[in-house]
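Asks: Here it is: the structure, laid out below.
The values are calculated or read from the model by the stated rules, or taken from the named source; none is laboratory data. Owing to the predicted nature of the structure, the values given are computational and were not obtained by experimental measurement. A quick note on method: Cβ atoms are made from the backbone with ideal geometry, for glycine too, and the neighbour counts reach across all protein chains shown. Just so you know, the surface numbers come from the protein's heavy atoms only, side chains and all, with ligands and any DNA or RNA stripped out. Shrake-Rupley method; radii C 1.70, N 1.55, O 1.52, S 1.80 Å.
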Amino acid sequence: MRLGLGPIALAGTTRASLEALAKAAVAASFDSVWVAESRAGGVGGGLAAAAFLAQLVPIRVGAVLDGGLYHPLHIAEDIAIADLTSQGRVEVLLRGAPEEHVRLVLAALSGAHMRIDGPTLRVPARLEANQPAPDALALNPRPAQAVVPVWVDEAMEAIGRDLGVGVAAAWRAGTPAPAPSGRWPGMLLCPGDVAAGDLLRAAGEAAAYFLVGASSTENVRSAGRRLVGPLRMPGFPEWINQQ
């Protein structure tokens, strides 16, 4: 089982609050801390924020990105730079991304030399000012990780499984976590008051990755006390949290 804090919405969050939540996640033994951008609301920079947090905490950092709202090659380049600056600790959830964008992001991250002439994307742009243009492009720089962990939202589940990336779903009581896909466990975005037993039932017999929301450092501490032990230690005694 993997346990992440967040995603913390960047909209309306101060730098001080972001730092405090990330450090509280480390103290509470979370595996990762995630942020979420909102480009439709004018707040981007999810990968920049994740890279910033990676300079403060030793755990993995994740970013929920609004796919389809900026060019997928730009997304891939931002992922690579964030991964390099975090020394290979970046994880990504693409939401709302068209199939063409997801395929292009993954191809770029894999190091493929790409000639792009898709339904809506043309790379490189065939403009007179850009000539002579290369026949193929490759991502530069490359990410630090050989394979960056990538999930897509449940609306893209079919294409996600076809491409071997993880699938993420919103928490719904009594609904199991998505099945693992490729090398990645299914992900559930959970409310801050979720119980350990609920998560174990949602995981069933498979591995799962739970992101748990929190709005204060006390929420983070409480979630850590409530969830970390039972999820990682079979037979964890309930009385410990009563001390």
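Asks: Being among the β-branched types (Val, Ile, Thr) and modelled with pLDDT of 95 or more is true for just one of VAL165, VAL150. Which residue is that?
Replies: Only one candidate qualifies: VAL150.
Asks: In the range 192-218, how many are farther than 30 Å from ASP162 by Cβ and modelled with pLDDT of 95 or more?
Replies: Of the residues in that region, 0 qualify.
Asks: While we're on this one: Any residue in the range 74-92 that is part of a strand (DSSP E or B), under 16 Å from VAL220 (Cβ atoms) and of a type outside the set (Gly, Ala, Ser)?
Replies: No - not one qualifying residue is present in the range 74-92.
Asks: Then there is this: Need the failing condition index for ALA76 against (1) open to solvent by 10 Å² or more (accessible area, probe 1.4 Å); (2) in contact (Cβ under 8 Å) with a residue 40 or more places away in the chain; (3) under 18 Å from PRO141 (Cβ atoms), just the number.
Replies: Evaluating ALA76 over (1) open to solvent by 10 Å² or more (accessible area, probe 1.4 Å); (2) in contact (Cβ under 8 Å) with a residue 40 or more places away in the chain; (3) under 18 Å from PRO141 (Cβ atoms) leaves (1) as the failure.
Asks: Here are some conditions: (1) closer than 16 Å to ARG89 by Cβ; (2) touching a Ser or Thr at 6+ places or on another chain (Cβ under 9 Å); (3) β-branched (Val, Ile, Thr). VAL26 meets all but one. Which one does it not meet?
Replies: Only one criterion in (1) closer than 16 Å to ARG89 by Cβ; (2) touching a Ser or Thr at 6+ places or on another chain (Cβ under 9 Å); (3) β-branched (Val, Ile, Thr) is unmet by VAL26, namely (2).
Asks: Moving to a separate point now. Which of the residues spanning the range 139-192 are small (Gly, Ala, Ser) and touching a Gly at 6+ places or on another chain (Cβ under 6 Å)?
Replies: ALA144, GLY164, ALA177, ALA179, SER181, GLY182, GLY192 - these are the residues of the range 139-192 that are small (Gly, Ala, Ser) and touching a Gly at 6+ places or on another chain (Cβ under 6 Å).
Asks: Let me ask you something else. Can you say whether ARG95 is modelled with pLDDT of 95 or more and surrounded by fewer than 22 Cβ atoms within 10 Å (Cβ to Cβ), as far as the supplied structure shows?
Replies: no
Asks: Here is a list: VAL57, VAL35. Which entry is at pLDDT 90 or above, part of a loop (DSSP other than H, G, I, E, B) and surrounded by 15 or more Cβ atoms within 10 Å (Cβ to Cβ)?
Replies: Of VAL57, VAL35, the one residue that is at pLDDT 90 or above, part of a loop (DSSP other than H, G, I, E, B) and surrounded by 15 or more Cβ atoms within 10 Å (Cβ to Cβ) is VAL57.
Asks: Also: Could you give me the residue pairs with C-beta distances under 6 Å whose first residue belongs to the range 175-193 and is under 12 Å from PRO149 (Cα atoms), whose second residue is aromatic (Phe, Trp, Tyr) wherever it lies, and which are 6+ apart or on separate chains?
Replies: Final answer for the pair search is PRO185/TYR209; MET187/TRP151; MET187/TYR209.
Asks: Would you check if there is a residue in the range 189-205 being touching a Cys at 6+ places or on another chain (Cβ under 9 Å) and open to solvent by 40 Å² or more (accessible area, probe 1.4 Å)?
Replies: Yes, the conditions are met somewhere in the range 189-205.
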